[in-house]
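Comments concern the structure below.
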């Protein structure tokens, strides 16, 4: 049914409701139409309340859900999708997709879409990999020797076989290029049928979480542009995102939450750019947000995996006492959000694409500098509204150096002064403030943990690190920023033969605030073993104390 017909149905039904209310009717039927009418109110507060009540009432019959799905508008559908555990019957099924042209595969269509996009206005890395995807056939990709392309940290070793690369791998390759194009060629992607093609790939690859995440990442990027919101809704993406929001996989739900937040201009003023993820609250709610906590991973980390619970071998008694439901893929989302519901918890991901591809790319050196990353993240965080409320930063490894650089850059930018003013605390997990002996090991060893050009500045007592830390100390003392640092006491296994204390205690000490040594290695220092472990309890205590006058603990 077309949108005009939907609107006419709604108008007619509401007319009947208003003018024939004296006729006997099912109270639930009347209640449904009253709520549907309120979703069209000129009063925003009334609209928001109506959407909430629609979702919270679970006594509707099947046909009533179907009726509601036919008549609700785009704004209401997005609001329902962002309501906790909404009934998915509120959403129309994905529109039937036209058949592929004779002889064309999904892979061919992806290549055609890529080929239709301008190569201008995108950086050199996007141009490089797009042209590679278009130029090389599946067979020749497989036949290349000596190449290892990495997408988001996962290698695709095309060079290891002369047989054809599975089509799923090539689709993933094309989608990675489309992720980048979706930041600058939004209108062209939509105009050339990209939304429908992505639906086709999404339905075809329901067994591939990674491909589905990349597709929803593209939708999240497109949703930054309000001009295409209607096209996104009409091509069935709201129902897909509503279903994905209820996924048990933290990464799937968080990608969907970002896309829906960007679509929800009714209740969200912030925009979440690629790599900025809302861990809490991912849905609409009544709890007012009082402060922000930002999680910044290290160089080989990621927005989710860095902050998972520590994997451990439980005894039989522990296995009996605990269920697997107690394990969390992301403790800030599961534990911190439950303990401090009036916080907004964000996790930032950088180097999740181009600069991890480990191929020759002309823009690599610039992209991998602390200065570049700092400017890029500050811009993204400003769009996400970071700095408008009190902030606590939580950083692991070299993510801590990035936080210091960002705050120093913010101090020199009048537009970012609020961010610095509202920074109330910083928590460092094994941050190499004074360098690391890792930088003195062979290239092969050190690149396992620090695959970056800054590694040459990570030598113990390097002048660059000394200047960064001295300037940070002066600023932190002047602004009275609370600081807590954790230091690793156990060496980290680097391959089967080498064990290294990556960040010694003296380097993990920034020279301000409390320093706590913990019996864990570098990779696990930000992964508490249990919710009642010292590492989590002390981290929670610091966040609460830094924000106490704002969040009311």
Going through segment 500-522 in order, the residues found to be surrounded by fewer than 18 Cβ atoms within 10 Å (Cβ to Cβ) and assigned to a helix (DSSP H, G or I) are 505, 506
Of 280, 255, the only residue that is buried (at least 21 other Cβ atoms within 10 Å of the Cβ) and either within 16 Å of residue 84 (Cβ to Cβ) or without any contact (Cβ under 8 Å) to a residue 40 or more places away in the chain (or both) is 280
Apart from one, (1) closer than 20 Å to residue 92 by Cα; (2) modelled with pLDDT under 90; (3) surrounded by 13 or more Cβ atoms within 10 Å (Cβ to Cβ) all hold for residue 14; the odd one out is (1)
query = Looking at segment 105-113, is at least one residue out of contact with any helix residue (DSSP H, G or I) (no Cβ under 7 Å at 6 or more places or on another chain), at pLDDT 85 or above and over 30 Å from residue 39 (Cα atoms)?
reply = yes
State whether one or more residues within segment 531-548 are surrounded by fewer than 20 Cβ atoms within 10 Å (Cβ to Cβ), at pLDDT below 95 and outside any loop (DSSP other than H, G, I, E, B). yes
* To do: Return yes or no: is residue 117 buried (at least 19 other Cβ atoms within 10 Å of the Cβ) and under 30 Å from residue 169 (Cβ atoms)?
  => yes
Scanning segment 483-499 for residues that are assigned to a strand (DSSP E or B) and either modelled with pLDDT of 90 or more or under 31 Å from the mean Cα position of the chain (by Cα) (or both) gives 483, 484, 485, 486, 487, 488, 492, 493, 494
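The values are calculated or read from the model by the stated rules, or taken from the named source; none is laboratory data. If you're wondering where the values come from, they're calculated on a predicted model, not measured in any experiment. Virtual Cβ from ideal backbone geometry, glycine too; neighbours counted across all protein chains shown.
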